[in-house]
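Nothing in this text is a laboratory measurement; each read-out follows from the coordinates by a stated rule. No experiment lies behind these values; they were computed from the predicted model shown. Don't worry about glycine lacking a Cβ; one is built from the backbone with ideal geometry, like all the others, and counts go over all protein chains shown.
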6 protein chains.
Amino acid sequence: MEYRDAATAAAFEKAAELLGKPLELPLGRGEPESGDDFRRLATQHAFGDSWSRPGLDTRSRALVSVTIAATLGTREPLRGQLRIALNNGVTRDEIVELFIHLEAYAGAARAFDSYQVALEVFAEDHA
Amino acid sequence: MEYRDAATAAAFEKAAELLGKPLELPLGRGEPESGDDFRRLATQHAFGDSWSRPGLDTRSRALVSVTIAATLGTREPLRGQLRIALNNGVTRDEIVELFIHLEAYAGAARAFDSYQVALEVFAEDHA
Amino acid sequence: MEYRDAATAAAFEKAAELLGKPLELPLGRGEPESGDDFRRLATQHAFGDSWSRPGLDTRSRALVSVTIAATLGTREPLRGQLRIALNNGVTRDEIVELFIHLEAYAGAARAFDSYQVALEVFAEDHA
Amino acid sequence: MEYRDAATAAAFEKAAELLGKPLELPLGRGEPESGDDFRRLATQHAFGDSWSRPGLDTRSRALVSVTIAATLGTREPLRGQLRIALNNGVTRDEIVELFIHLEAYAGAARAFDSYQVALEVFAEDHA
Amino acid sequence: MEYRDAATAAAFEKAAELLGKPLELPLGRGEPESGDDFRRLATQHAFGDSWSRPGLDTRSRALVSVTIAATLGTREPLRGQLRIALNNGVTRDEIVELFIHLEAYAGAARAFDSYQVALEVFAEDHA
Amino acid sequence: MEYRDAATAAAFEKAAELLGKPLELPLGRGEPESGDDFRRLATQHAFGDSWSRPGLDTRSRALVSVTIAATLGTREPLRGQLRIALNNGVTRDEIVELFIHLEAYAGAARAFDSYQVALEVFAEDHA
């Protein structure tokens, strides 16, 4: 994906910095080219317009992001946010504590369901 | 599944017309026969009682249906609605635009998660 | 709220055009000034980055927007989207049809709950 | 609302039997007449097509209905379902137990929020 | 997992009684030991603090539990609750009726999506 | 409400410490006495079993709690969590940033709807 402007480039850079590797979102088979606009706008809204703001520290944003994705039950976004959190100073024990908190407030059903994704991320190799 | 009455038959015909092929919902292993009632009632409520009404055009109903399934994060219903939309004059570019709109109003987490289903449908062969 | 740049101004203009009156979002008592950034970014993401795109017609975006807000059960956003829809060529009968469709796919509980907001908007005077 | 056919009449009768009084859903100011179709279809789907079936006893359906409305956080439907439950042999203590169960599985936030509606219904006079 | 106290042991016993076999929740690869606390607290909250209470019969709690998990769309918890329901006197036909009720109140999209899990559980061998 | 045991008392003390005043949850008119059990268990699960754990700092738990309640759209729990957050070192600007983050990931509709509660809390007098 080519960056259309400086703002987009900065958003993708911010994402790469948080993930520890480039955010690559190639078009799928049969997907129209406008699919790039979808990726670009979502990346700009999240990484460019929010993560880049100085008003809340990165660690707090990571906890908030994991919490949103886990509460909504959105599995792939949760996977990405867990990787970002672990890559930015949140420990595995703190992730577990977040899910203990989620269990109390959003319930055992949602917490267990989303925790399956955490288990998959815990099992990945993080050097 | 045998049609119990004319209303049910009409609902399944409407579904077939929209999908471009018969809606087949065979009973599963170990599933009681009342499972047919579940399929019949859901089909009647959606295709018989709503899609068949003249008050809103088919294209608009298709967009509304995709939006509901994508907002709820219900993957198999979303898959079916995307096929119906593409089969009834909604273009792939318009599907992408719908997800760009969803990203703004329902957020990047839900939009990305549901978009995975769109990618799978885009990759299917549509003659 | 002063516009920080041309993109923000264009987003607020688009919102005003759709609503038929300026989108005014004054700071509340005790709210920090950064609250303006929240309004500005949300307005830009929705009205600047999505509604302004040519790939999906305004009427379709209006139906999609009402559907998202009604499915989520977000009452104030639903109120705004219903006003935008009625202001941009969607009829009251079509709004009712949308809720009939919502009743089938998202259920009677959510449909009835969100329909209360539609009843309030129907009761407003629309010249 | 005039009943269009025997099935609709039966659905409204079932609703009245469960509520202990007629289900009256008058059109609102500015609401188009098609609003009657919305009420009729929702009533038929819920009371005609589900509550009237013999396969699950009324008390169980009442518990299931309260649970759905409470889990979704749909306040007015929850109010109606709580009245139906209390009117059909579910005790106030059992309603509380249902919310204790909801607290465990759907969390303290949703359970407390929906419990506010239960408190309002408990305060009504039930002869 | 070792039981830290009598209350935890009682909660796991209650779960085993309902499931018809021990509830085993081993730590995953890379998961910190605090993961045991997550399992323990969720088990205690659900099975110790709610299922063990006499105020609502087991069959009713089973129906309520299936309803919560199906309404939320949490697949693994739904699978577990369906097994508990079938193991405690709820018939397959009654499960289908519950989904027919869910279809009316929470909609065809959610009902169909969650019903996929019921189909998988129906296909399991239950001696 | 009398405390049944030391664990309950500790949970209510923790809640009072976080809120800066006693957590008072009197029974409502017509509410059965078992309503106290609902309050007690929810308080124990949230404040006793999660907030009291040392594994995640109070400020982080406050951000996570606000995020859960805002994402779910549970208004009264959100109000309580916002007060706890402001009472425990989270600034108003940080609350706004959390909602900017929520807008990106959970969308403008949910973020705006939940932000109405933040506006009400901002308008309260906090000495």
Please determine, in degrees from 0 to 90 and to the nearest 10, the orientation of helix D:6-19 with respect to the longest principal axis defined by the Cα atoms of chain D, where the helix direction is its Cα long axis. 30 degrees
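Could you work out the per residue convex hull volume over the alpha carbons of the range B:56-127, in cubic angstrom?
Working: hull volume 5.4 nm³, N = 72.
Dividing the Cα hull volume of the range B:56-127 by its residue count gives 76 Å³.
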Per-residue Cβ neighbour rank within 10 angstrom, fewest leading, D:R53, B:R29, F:R40: B:R29, D:R53, F:R40
Relative to 2.2 N^0.38 Å, what does the C-alpha radius of gyration of the range C:1-53 come to as a ratio? Two decimals please. 1.10
Shortest first, in nm, what separates the label point of B:E120 from those of the same position in the other copies (7 Å along Cα→Cβ)? 1.2, 1.2, 3.8, 4.0, 4.0
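Give, as a single signed number, the net charge of other residues whose beta carbon lies under 10 Å from the beta carbon of A:T74, with Lys and Arg counted +1 and Asp and Glu -1. Numbers along the way, then the final one.
Numbers: positive: A:R75, A:R79, B:R110; negative: A:E76, B:D113.
Once positives and negatives cancel, what remains is +1.
Would you kindly work out the equivalent ellipsoid of chain F from its C-alpha gyration tensor and give its semi-axes, the square roots of five times the eigenvalues, largest first in whole Å?
Values: eigenvalues 144, 57, 37 Å².
Ellipsoid semi-axes (Å, largest first): 27, 17, 14.
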Out of all Cα-Cα pairs in the protein assembly as shown, roughly what percent, to the nearest whole number, are more than 48 Å apart? 13 percent
Which of F:S34, E:S114 has the fewest Cβ neighbours within 10 Å, and the rest in rising order: F:S34, E:S114
For chain F, the longest principal axis of the Cα atoms and the Cα long axis of helix F:58-72 enclose an angle in degrees, to the nearest 10, of 80 degrees
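What's the local net charge at B:D93, with K and R +1, D and E -1, over the other residues with C-beta under 11 Å away?
Values: positive: B:R92, C:R53; negative: A:E31, A:E33, A:D37, B:E94, B:E97.
So the surrounding residues net to -3.
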Report the residue of chain B with the smallest Cβ-to-axis distance, using the rotation axis that brings B onto A, in whole Å. B:G73, 4
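Within the range F:1-96, report the chymotrypsin sites (Phe, Trp or Tyr not before Pro) that DSSP leaves as loop and that have at most 15 other Cβ atoms within 10 Å. Mind dumping the intermediate values first?
Numbers: sites: F:Y3, F:F12, F:F38, F:F47, F:W51; in loops: F:Y3.
Here the sparse-neighbourhood loop sites are F:Y3.
Can you give the local net charge around A:P26? Use residues other than it whose beta-carbon is closer than 11 angstrom to its beta-carbon, Lys and Arg +1, Asp and Glu -1.
Values: positive: A:R29, A:R39; negative: A:E24, A:E31, A:D36.
Cβ neighbours under 11 Å give a net charge of -1.
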For the range C:28-82, what size does the Cα cloud have along each of its three principal axes, sorted from largest down, in whole Å? 38, 25, 13
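In the range B:4-67, what GluC sites (Glu not before Pro) fall in a loop by DSSP, with at most 13 other Cβ atoms inside 10 Å? If you can, show how the numbers build up before the last one.
Numbers: sites: B:E13, B:E17, B:E24, B:E33; in loops: B:E24, B:E33.
Counting only loop positions with at most 13 other Cβ atoms within 10 Å, the GluC sites (Glu not before Pro) in the range B:4-67 are B:E24, B:E33.
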Would you mind getting me the FRET efficiency between D:A9 and B:E24? Use the beta-carbon distance for r and R0 = 45 Å, nearest 0.05. 0.85
How far apart are the F:D57 label points across copies, placing each 7 Å from Cα toward Cβ, in nm, shortest first? 0.5, 5.3, 5.5, 5.5, 5.7
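Which of D:T8, F:T67 has the fewest other C-beta atoms within 10 Å, and how do the rest follow up to the most? Provide the component values of the computation, followed by the final result.
Working: D:T8 19, F:T67 31.
Lowest count first: D:T8, F:T67.
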5 angstrom amide H check on D:G107, placed H, neighbours 5+ away: A:G107, A:A108
With the label 7 angstrom out along Cα to Cβ, how close does E:E33 come to the same site in each of the other copies, in nm, nearest first? 4.4, 5.1, 5.8, 5.8, 7.5
So the angle from the long Cα axis of helix D:75-87 to the longest Cα principal axis of chain D, reported in degrees to the nearest 10, equals 80 degrees
